[in-house]
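Below is one structure, written out as structure tokens; comments come after it.
The values are calculated or read from the model by the stated rules, or taken from the named source; none is laboratory data. Since we're looking at a predicted model, the values are computed, not measured. Here Cβ is always computed from backbone atoms with ideal geometry, including for glycine, and neighbour counts include all displayed protein chains.
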């Protein structure tokens, strides 16, 4: 019988250190976010980027709301399998260890919360309570987006409670974000909570109280640009930013969207030369509307953003500052405080421009010129909030997934900031508001929502 | 009183003397054998009858006389045909209770193909052969009686008792899908004596689990007893593409009728000789050139393929020994420039009888293959050659490309269009050549001991060992892979097999009964190891060594599995007309859970030769009649290492539009990464189980002028061991389960007719027909549909309960009365995703073989027919969306009003929206609309024509030459009927190892071959 006992693969392991799974999960996730599946497709549908229409046949028809099923399926697989499940496995191993490796579990939970947040804001209702348990739930049910978001807040609280700063058991060398500094992880968890609450608060005003609590101790969240949550890339071969790998320093076939040049060009935003490259002989940044043909004068996506060592931002300090400015301007959990809002707004825009290495003198001049960056205290509440939303969206240009969420939450249907219009030649009807469900799910899971959401169906948080 | 009888025994087929023929006095054991010149001498009592017998020939009885010359007729035309069955047991065909088909040497070497499997196409009912692409040395898929499992189809191949590998490179939509061939293509057809196809489970029951998809039993040629003989078979053949697309030649590149040299398409203005900025890179510094169409620019890319296939064999033997040594070569140049393949095979087969009791035989071969220039085929890869050639704007002169591959000053590739759009096809073939080399040994050694006449003990030990090296190169400066990269594979495969057999034969225990009991044991081990190294970012151009790469990653693969089997077979024959076989086998496999790794399966088969009973009862018109029936149950295992939950080291992550190797670990501080399995393992798996039965009859009428063989079969395979897709929200892509039932049932019929048979002229017709109905009876409870293979943009091969495996994807929506629903605003057809578009399998297949013989002349033709099924062509899709296909041309000023209806306020009204050709064809051809590029897969093909002339032997009677035959042969000559425009409907993209078929994406066109052949026997 021993002769037959050879069914053990010599090339795989039945036990691993959770950091190895964490390492794979965060890499697979970040690469996907910056790939043709997520970055390109969502950039076009959310109009952060422009395909340049027929000028380039490179990117398919996602700008016509005809997103490749591969992109929809691959992105889903990252959230639930390549990313999500490896984090789940790491959590299980850490929590089953003796002694329990609480910090590692917390680190993985915080990242998992962000993954699930991204999944629900892109796909709407998703499996969460029954996900990752194939034996118990071979066909996970879909939870309402509200319940998913509530669960993520709980998961983050659980992670915060689990963090034990005194323990040496944690992911440190493989912690590409904070090198095992658990105090920063705690701040990150609170920051994600804040962001989730800001997405929920329009639909569920009771979330204002929790926002107020977090605002009362802003230092419990990311409190400097140095603490921005990002993935670093290097100039080393095959370790470059995935966007660089997409284009390899060549013509990216991806153009400035007219929506964003309309916002940036009139004020000569100092980020323009960072965001875009001017074609030879051009002096103005010309963007094109969705699916309209670009020509040799159209500004192309900037080589600065596509440089090999460009970091991939997941949650930035400037983003948080602008969200806090919004909370004060709207009085979410705090009294309306335009002065406080203005200070945060100005600092947020400064930090955003500085992050993208805009010319410092131009940044200072810009933020201090009220004809370019209006002083919120001089505006009506509505206009002030709109200015914040504009800056939030412009800051997120290189992060299409976040920009798309920002646009949806920036106002009720028809009043979003900025106003988008139906792409040329797109199916007449409403604007796109989500990815449809993954074809891998719809073909294998009888518990998918029925009817399946269409691309223009709004999700719970989207008014 | 004895008299001395002498004589010569010759063969009817070639008129040559046969050495080693047994001549016996009927009713005794006294006898003699013919010598090297076919002569014998025997002293016999008067009034005796002599019996002449020789394997492969019909025994004949003659009354003794002074001189008795005998002509033996080959058994293949006769009733007492000998068939090689499982475990290389030779049996008389009439005793077998299941259907089998045998192809003889001449079936395979007539119009021979470099891949011997292709020579089977259209010749055996129920066996489907598909050449996958026109790649030189490309792979061939064989399906016997329909696909039995969701996760692959691979008949068992056995050469002289040794189970051998038919591994193949995987196909699919991967970025660099290269057809590296299948390992059965390594065989030299000149060394094959016969190939027997065992189709059903009863036929293969003794092979057990491994022959679930049928078995092909190959016997190699042995030396004939007699003088030293030499056979030479030499062919030279010429290939060209069987089908090339039809292009429009009226419109230049551009968009909506406006010229643009940034485009590789045909949507620009009408070509009228106007002066434009052509692609600047290959117009020798004068960019303003008049627009001219080059109608032959695709045709001119392909060259005439030339191949020489040669074989020389030496053989001989005497009473005690025989030997045959054969050397084969195939030297080929393909239709794609720079593609070449050289194959050399040395084969030896030698036997020795040490005594009456002990004998042994060795047969083995060594094969060496070196091939270069295997092109990449792919859905959307800039290195795919067909994409690059077919996609040329009509205004591009292929010779300009050929002469301007590299900028002489900068050394940089001359891209087609500015902005590194599109690789020059000559760059791809000159520099990005994929090559492989194979070294393969197979050998078996058999030792047979007969302690007493009724007991035979035999052991067959063999091994099949090969190494294959593959190299895929992307030179620095290739669009899509600018920094350059290369991948090298080292594959090692070893299979060791041993069968021990004890046979007990008793014909005198009970009157009129014959018994044969066979018991045996089998040990099989299969081992595979792969070492893949991907190297990226090359420093020195065209230097493909790891230290020249900025980074490289190595991936190891390892698989080892073992199988032990014990089996028995009891055969009982009653008189000459009733036969029964009962078999049983128990397997123990290393790949299943310990509790379920042992499994048993039985089979029963029987035959009744009713013509024997009716003999002498006035049924003279019936020459032969037999009924047969069988039932079998067969279990099978799965691949190794699928039971435990294991974390795999992972060196790369996937990046859409770049490839799997875009980001490689170590990534920053993450030195190594591990990942949970994507396929959820299952530690409670059971063996897969097939239950099948078949009935059949063989009938021959009018002195064998009419022959009919008919079979009905039915099989049910349950507990399918399948990797079933699960919702990714479980954390996994797939899970291995025992689930699903596939049923295959069908009929096979072969009709032989000899309408004319004169002294010098004979006309033979052979018609074969097969119809298989596949039905997925069951999947998992609650699941009615799941994917077995995926293509591109929503195209899937799926299993659906109640249906055969089918093609699924975007379908044009239709109104209740069947008209296309057209969007009134865009004027384009509305599409619904995820719809069944048809079965990937044929309704039926057939072959029609005609042979005429007149004296030394013979002419034969084979027509291969497939009816029904669907086929998706990515090539057609691309040609239409890019406005290059002929149908997109014509007068484009005429707007198109697609015939259909608009759905307006719940009512269907005729569509009136007019759209231009570009919008219409871009939508029809879009990969989103799978249906737009789906066609009926049926075809009629003139598969083979062969004309041969056997020179009269009197011409060289006095010389050492024994025979000369010259011939002209052709393969895949004419696609008589096809429903698919632009490409051959037989192309397949998924590769021969996949269940997926009926889908093509930029596949290399299949080839038409014409050749000449010379055979000389010395």
When region A:47-83 is examined, which residues are found to be modelled with pLDDT under 90, within 20 Å of residue A:433 (Cβ to Cβ) and facing chain B (nearest Cβ under 9 Å)? A:60, A:61, A:66, A:68, A:69, A:71
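Yes/no matrix, rows are residues, columns are (1) crowded, with 21+ Cβ neighbours inside 10 Å; (2) assigned to a helix (DSSP H, G or I):
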{"site": "B:401", "(1), (2)": "yes, yes"}
{"site": "B:409", "(1), (2)": "no, no"}
{"site": "B:437", "(1), (2)": "no, no"}
{"site": "B:442", "(1), (2)": "yes, no"}
Among the residues of region B:495-511, are any more than 14 Å from chain A (Cβ to nearest Cβ), out of contact with any strand residue (DSSP E or B) (no Cβ under 6 Å at 6 or more places or on another chain) and touching a residue at least 40 places away in the same chain (Cβ under 8 Å)? no
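Do we find a residue being at the interface with another protein chain (Cβ under 8 Å from one of its Cβ atoms) and either within 30 Å of residue B:681 (Cβ to Cβ) or surrounded by fewer than 23 Cβ atoms within 10 Å (Cβ to Cβ) (or both) anywhere in region A:106-122?
no
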May I ask you to list the residues in region B:977-1008 that are outside any loop (DSSP other than H, G, I, E, B) and farther than 25 Å from residue B:146 by Cα? B:1007, B:1008
For region B:192-232, enumerate the residues that are part of a helix (DSSP H, G or I) and in contact with a helix residue (DSSP H, G or I) (Cβ under 9 Å, 6 or more places away or on another chain). B:201, B:203, B:204, B:205, B:206, B:207, B:210, B:211
Write out, first by first residue and then by second, each pair whose Cβ atoms fall under 6 Å of each other, whose residues are 6+ apart or on separate chains, and whose first residue, in region A:26-46, is away from chain B (no Cβ under 11 Å) and modelled with pLDDT under 95 while the second is crowded, with 24+ Cβ neighbours inside 10 Å and in a loop (DSSP other than H, G, I, E, B). A:44/A:51; A:45/A:432
Region B:735-790: number of residues that are within 14 Å of chain A (Cβ to nearest Cβ), closer than 15 Å to residue B:803 by Cβ and part of a strand (DSSP E or B): 4
What strands (runs of 3 or more DSSP E) lie completely within region B:833-945 and have 3 or more residues being away from chain A (no Cβ under 14 Å) and within 27 Å of residue A:442 (Cα to Cα)? B:870-873
Could you give every pair whose Cβ atoms fall below 6 Å, whose first residue belongs to region A:225-243 and is more than 7 Å from chain B (Cβ to nearest Cβ), and whose second residue is crowded, with 21+ Cβ neighbours inside 10 Å and assigned to a helix (DSSP H, G or I), counting only separations of at least 6 or pairs across chains? A:225/A:317; A:225/A:351; A:228/A:317; A:229/A:188; A:231/A:30
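Taking residue B:621, is it exposed (fewer than 15 other Cβ atoms within 10 Å of the Cβ) and touching a strand residue (DSSP E or B) at 6+ places or on another chain (Cβ under 7 Å)?
It is true that residue B:621 is exposed (fewer than 15 other Cβ atoms within 10 Å of the Cβ) and touching a strand residue (DSSP E or B) at 6+ places or on another chain (Cβ under 7 Å).
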Can we say residue A:86 is more than 22 Å from residue A:196 (Cβ to Cβ), touching a helix residue (DSSP H, G or I) at 6+ places or on another chain (Cβ under 7 Å), within 8 Å of chain B (Cβ to nearest Cβ) and in contact (Cβ under 8 Å) with a residue 60 or more places away in the chain? yes
If we keep only residues of region B:809-826 that are within 14 Å of chain A (Cβ to nearest Cβ) and touching a helix residue (DSSP H, G or I) at 6+ places or on another chain (Cβ under 8 Å), then the residue nearest to residue B:911 (Cα to Cα) is B:826
Among the listed residues B:478, B:487, B:530, B:460, identify the single one that is in contact (Cβ under 8 Å) with a residue 40 or more places away in the chain, within 34 Å of the chain's Cα centre (by Cα) and farther than 30 Å from residue B:177 by Cα. B:460
Among the listed residues A:455, A:435, identify the single one that is buried (at least 20 other Cβ atoms within 10 Å of the Cβ) and either in the same structural domain as residue A:256 (by TED's automatic domain parsing) or part of a loop (DSSP other than H, G, I, E, B) (or both). A:435
Residues within region A:403-423 that are within 14 Å of another protein chain (Cβ to nearest Cβ) and loosely packed, with under 15 Cβ neighbours inside 10 Å, tallied: 0
Which condition from (1) outside the structural domain of residue B:863 (by TED's automatic domain parsing); (2) touching a strand residue (DSSP E or B) at 6+ places or on another chain (Cβ under 6 Å); (3) crowded, with 21+ Cβ neighbours inside 10 Å is the one that residue B:125 breaks? (1)
Can you report the number of residues in region A:256-284 which are in a loop (DSSP other than H, G, I, E, B) and either surrounded by fewer than 21 Cβ atoms within 10 Å (Cβ to Cβ) or free of Cβ contacts under 8 Å to residues at least 24 places away in the same chain (or both)? 11
Given the options B:695, B:674, name the one that is facing chain A (nearest Cβ under 8 Å) and assigned to a strand (DSSP E or B). B:674
Breaking point among (1) assigned to a strand (DSSP E or B); (2) under 30 Å from residue A:26 (Cβ atoms), for residue B:602: (2)
From the list B:613, B:582, B:634, which one is crowded, with 17+ Cβ neighbours inside 10 Å, more than 14 Å from chain A (Cβ to nearest Cβ) and not in a loop (DSSP other than H, G, I, E, B)? B:634
In this structure, does residue A:143 turn out to be within 14 Å of another protein chain (Cβ to nearest Cβ), farther than 24 Å from residue A:226 by Cβ, in contact with a helix residue (DSSP H, G or I) (Cβ under 8 Å, 6 or more places away or on another chain) and surrounded by fewer than 21 Cβ atoms within 10 Å (Cβ to Cβ)? yes
Please work out which residue is surrounded by the fewest Cβ atoms within 10 Å (Cβ to Cβ), limiting yourself to region A:14-25 and to residues that are modelled with pLDDT of 90 or more and within 7 Å of chain B (Cβ to nearest Cβ). A:16
